[in-house]
């Protein structure tokens, strides 16, 4: 009897394993909780960055719209045939910006409209928002569909070059008086380009035209953009196109 009283009770097979499995379950719970916390923090950081980028893009778009609107609403352009499209950031001269068939010379009305527009554009480019976002203005020459593509490409380039000549060659446009600083800014800001007949209008007369396309820096583009070249003005700029 005494021996039986102190006899060891048999242990179940998994009794020694229970503490181990309980600790492992607690560990998994802790790891899962930590994972959820890390995921929640990561989502908050990503969401914050997206919201900041969205807000920055909204501010950029608003400031660019202010630049374009300041050009569009300028009183000196009210009596001109100029149309400023702030949705596409394009400036159209209407009938004043049209050319004759196979001709690259801008008419007198176009020269007059250009003389009124350029000081307004330079003023907008020198504003606080303009210095921040204004990248360049592309002078785009267009043609009708008569002739070959390469012929019209050359013709469209000469039309845009004629506009540039009207800005820099004093013999082209005596109504436009610019300082050397303004002329240097035109060389940095304006870019002549031809589009041939890729954007033809409904009529051939309307297709033979010139337009200005305003380009602006993106959010990250401004910081990585190369410095603008500094041009040394010649005593007198001379256009190379035949008059």
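Table: residues versus (1) surrounded by fewer than 20 Cβ atoms within 10 Å (Cβ to Cβ); (2) part of a loop (DSSP other than H, G, I, E, B); (3) modelled with pLDDT of 80 or more; (4) touching a helix residue (DSSP H, G or I) at 6+ places or on another chain (Cβ under 8 Å).
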site	(1), (2), (3), (4)
177	yes, yes, yes, no
181	yes, no, yes, no
200	yes, yes, no, yes
226	yes, yes, no, no
Q.
Restricting to segment 82-134, and then to whatever is in contact with a strand residue (DSSP E or B) (Cβ under 8 Å, 6 or more places away or on another chain) and in a helix (DSSP H, G or I), can you tell me which residue is surrounded by the most Cβ atoms within 10 Å (Cβ to Cβ)?
A. 97
Q: Kindly indicate whether residue 42 is part of a helix (DSSP H, G or I) and at pLDDT 90 or above.
A: no
**Q.** Residues located in segment 49-81, provided they are surrounded by 14 or more Cβ atoms within 10 Å (Cβ to Cβ) and in contact (Cβ under 8 Å) with a residue 60 or more places away in the chain
**A.** 60, 63, 64, 66, 67, 68
Q: Among the numbered conditions (1) under 18 Å from residue 175 (Cα atoms); (2) outside any loop (DSSP other than H, G, I, E, B); (3) in contact with a strand residue (DSSP E or B) (Cβ under 9 Å, 6 or more places away or on another chain), tell me where residue 138 comes up short.
A: (1)
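The values are calculated or read from the model by the stated rules, or taken from the named source; none is laboratory data. Model, not experiment: these values are computed from the prediction. Glycine gets a Cβ as well: all are built from the backbone with ideal geometry, and neighbour counts include every protein chain shown.
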